[in-house]
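Before any comments, here is the structure.
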Amino acid sequence: MAILEIKHVSKFFGGLAANSDVSFEMSEGMIMGLIGPNGAGKTTLFNCITGYYPPSKGEVIFDGKKMNGLQPDTVCKLGMARTWQKVRPLAKMTLLDNVMVGALCRTNSLRIAREMAIEQIKVVRMEHKINFLAGGLPIGERKKLEVARVLATQPKLLLLDEVMGGLNPAESDELIQLILDIKSQGKITQMVIEHDMKAIMRISDRVVVLNSGEKLAEGSPQEIVNNPEVITAYLGSEH
Amino acid sequence: MKPFNPLFSQRGASAVQVTVGIVVIAALFAFPQFVKSPYVLHMMILFFLSTLMGQSWNIIGGYTGQYSVGHAAYFGTGAYTTLILLSTKEIAPWYGMWLGIAASIILALIIGSICFRLRGPYFVLASIAVAEIVRLTALNLTSITKGAEGILVIDIPAFKIGETVITDFSSKVPYYYIALVLALVIIGVTWLVQHSKLGYYFQAIREDQDAAHSLGINLTIWKNSALVISAAFTSLAGSFYAIFVKFIDPSTVLPLDLSVQIVLISIIGGIGTIFGPVVGSLVLVPLSEALRSNVIAEGLINSGLVSETSGIGIFLKEHLAHAHVLIYGILVVVVILFMPEGVLGYFRKMTAKRKGGKA
Ligand SMILES: Nc1ncnc2c1ncn2[C@@H]1O[C@H](COP(=O)(O)OP(=O)(O)OP(=O)(O)O)[C@@H](O)[C@H]1O
Ligand SMILES: [Mg+2]
């Protein structure tokens, strides 16, 4: 059974259709790459899926349950967690406290939350920064903080919005490896928005291409790079 | 980038800190045995009361980041409930105060359901508006509140356990101990909040509501929880004030002035910290007393700096006592410009610098 079904989702901002009639499915354990030029509607789709705002039309079905109208906190508790393209660290709290806030979604005990948080901080290899204030971390580390924090909520479906944006190649590589490790553990399904085509091709099992709010194509990475429509509409415009 | 400073850790206190705390508390309990001056005791009581009010606000304003500028509503509700029940039904204040708390919690939930839909400056304005509605209601509901005339009580009934009279409230001493205990209780409550899930969720909401929401935090529930805790203790402060001063009217327990003063206690001391409101009270209580008793104007004139008959001298003598709002305003500007994290935050930074740490 599909873990996530997106059925004819549209989102309008006034006259602008940021998403229009987007449909696709994700099966458990896979990595879905979501690509498209700037302003294609990728982040908007994440927002519709996670309850940041409701879709104007269509349905989002997660784990067999209709998500429309649910608030982000409920969505998170049901097991769907997202990172923010424009990072949102809890600036005056330490890295540890940031990740603990995520973990507290699953426990009321600070002691357990602290253990869960430390575990995820180790996963992103930031143990040495554990007591640093989040607001003072450089961008690459704030992106990793976002990842550790959502992992601590113990999601079944993880939505990563440009976690590699603004990182140097070494840091990107580290995150690619992390995404692949999460996949190999087999517990978490992932949807990844990324502009770096090489990274997307490396990690994705399937790719959905958005353009001007519409789904332009869907297929294996190989099919996508060879799709002439994608090349003209998306790759063509960038290269 | 700020490295974590273990001296000011949010968790756990050092042995030195615990010892200092115990000594200070013991000294405060022993204080009335040695100092009999009613004036000094009065000032200490105002200091404890200010700490209670500031710390209560700190929970919703400092920790949760919801800048309510309408806390006079809860203070007034506590004060009115207590004195109305005492003067009309002869219900003793230590029962009345619980009803005051209950009334304030209901009021907080109503205000929360209106104001928490709004964020930032809109929330601030809504909190002011709702508190003004409460004040105008008290002013016009003359059959219950006696309106602008206010409520005066002559005697506070003696506090008895069984038949033993614990105190008859004939001196300042019982008030001193009640206020001290209340101040210690609110500091304890804040400590508990900070060391529990509540504290983490409150601060997450303060730092970024959308991020908090996406991490599983139900904003409505947690913001209202913070407001309810805050309102309950502010109400208690109002009940205490009512039996201490024995007279209340809308312009003393419900004005916007009071709401602003409550906010200033934390802002000046340092918001979102356990001792910020204590430090804020140490600054504000003596300052407002100095303004009230006009010692500043007299000091300036007596020292010869300003001539009594000059324009400035006359102005100071006539108006300084009424200029507390202006002085507070200047103080806030100074604090925001030079000590954005309050007096406490400022001194922490200075000590960190002196110890060679990065500020
Ligand atoms: N809250 C909003 N109100 C109005 N318009 C919006 C809003 N959010 C997004 N848009 C518009 O919707 C379109 C899609 O934006 P979106 O952020 O989803 O694109 P994106 O694919 O994530 O782009 P990028 O790669 O730059 O992150 C853009 O034209 C954007 O200006
Ligand atoms: Mg985007």
Would it be correct to say that A:Thr83 is within 14 Å of ligand 1 (Cβ to nearest atom) and either in contact (Cβ under 8 Å) with a residue 12 or more places away in the chain or surrounded by fewer than 16 Cβ atoms within 10 Å (Cβ to Cβ) (or both)?
yes
Among the numbered criteria (1) in contact (Cβ under 8 Å) with a residue 60 or more places away in the chain; (2) touching a Lys or Arg at 6+ places or on another chain (Cβ under 7 Å); (3) within 16 Å of ligand 2 (Cβ to nearest atom), which single criterion is violated by A:Ile49?
(2)
Have a look at A:Ser27, A:Ser10, A:Ser20 and point out the one that is surrounded by fewer than 18 Cβ atoms within 10 Å (Cβ to Cβ), hydroxyl-bearing (Ser, Thr, Tyr) and assigned by TED's automatic domain parsing to the domain that holds A:Met164.
A:Ser27
When only residues in region A:52-75 that are within 16 Å of A:Thr153 (Cα to Cα) and in contact with a helix residue (DSSP H, G or I) (Cβ under 6 Å, 6 or more places away or on another chain) count, which is nearest to ligand 2 (Cβ to nearest atom)?
A:Pro72
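Which of the following residues is buried (at least 21 other Cβ atoms within 10 Å of the Cβ), at the interface with chain A (Cβ under 8 Å from one of its Cβ atoms) and assigned to a helix (DSSP H, G or I): B:Ala204, B:Ala179?
Values: B:Ala179 fails: at the interface with chain A (Cβ under 8 Å from one of its Cβ atoms).
After applying the criteria, what remains is B:Ala204.
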Counted residues, region A:199-223 - those being outside any strand (DSSP E or B) and within 16 Å of ligand 1 (Cβ to nearest atom):
4
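Any chance region B:248-265 includes a residue that's more than 12 Å from chain A (Cβ to nearest Cβ) and touching a His at 6+ places or on another chain (Cβ under 7 Å)?
Narrowing region B:248-265 to residues more than 12 Å from chain A (Cβ to nearest Cβ): B:248-265.
Now narrow it down to the ones that are touching a His at 6+ places or on another chain (Cβ under 7 Å): B:259, B:262.
For region B:248-265, residues more than 12 Å from chain A (Cβ to nearest Cβ) and touching a His at 6+ places or on another chain (Cβ under 7 Å): present.
Could you check region A:97-115 and list, in sequence order, the residues that are more than 9 Å from chain B (Cβ to nearest Cβ) and buried (at least 22 other Cβ atoms within 10 Å of the Cβ)? If you could, list the steps in order and put the result at the bottom.
Initially, region A:97-115 is screened for residues more than 9 Å from chain B (Cβ to nearest Cβ), giving A:99, A:103, A:111-112, A:114-115.
Within region A:97-115, A:Val99, A:Ala103 qualify.
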Quickly run through region A:56-75 and pick out the residues that are under 23 Å from B:Asp208 (Cα atoms) and either touching a strand residue (DSSP E or B) at 6+ places or on another chain (Cβ under 7 Å) or within 14 Å of another protein chain (Cβ to nearest Cβ) (or both).
A:Leu70, A:Gln71, A:Pro72, A:Asp73, A:Thr74, A:Val75
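Has region A:117-124 got any residue that is surrounded by fewer than 19 Cβ atoms within 10 Å (Cβ to Cβ) and within 16 Å of ligand 1 (Cβ to nearest atom)? Spell out how you get there, then give the answer.
Restricting attention to region A:117-124, the residues satisfying the condition of being surrounded by fewer than 19 Cβ atoms within 10 Å (Cβ to Cβ) are A:118-119, A:122-123.
Retained after the next criterion (residues that are within 16 Å of ligand 1 (Cβ to nearest atom)): none.
No: region A:117-124 contains no residue that is surrounded by fewer than 19 Cβ atoms within 10 Å (Cβ to Cβ) and within 16 Å of ligand 1 (Cβ to nearest atom).
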How many of the residues in region A:177-198 are part of a loop (DSSP other than H, G, I, E, B) and closer than 18 Å to A:Pro221 by Cβ?
3
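Can you name the residue in region A:125-159 that is outside any helix (DSSP H, G or I) and more than 13 Å from chain B (Cβ to nearest Cβ) and, of all such residues, is surrounded by the most Cβ atoms within 10 Å (Cβ to Cβ)?
A:Leu157
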Conditions (1) in a helix (DSSP H, G or I); (2) under 24 Å from the mean Cα position of the chain (by Cα) -> B:Ser87 fails only (2)
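The values are calculated or read from the model by the stated rules, or taken from the named source; none is laboratory data. These numbers come from a predicted model, not from an experiment. Glycine gets a Cβ as well: all are built from the backbone with ideal geometry, and neighbour counts include every protein chain shown.
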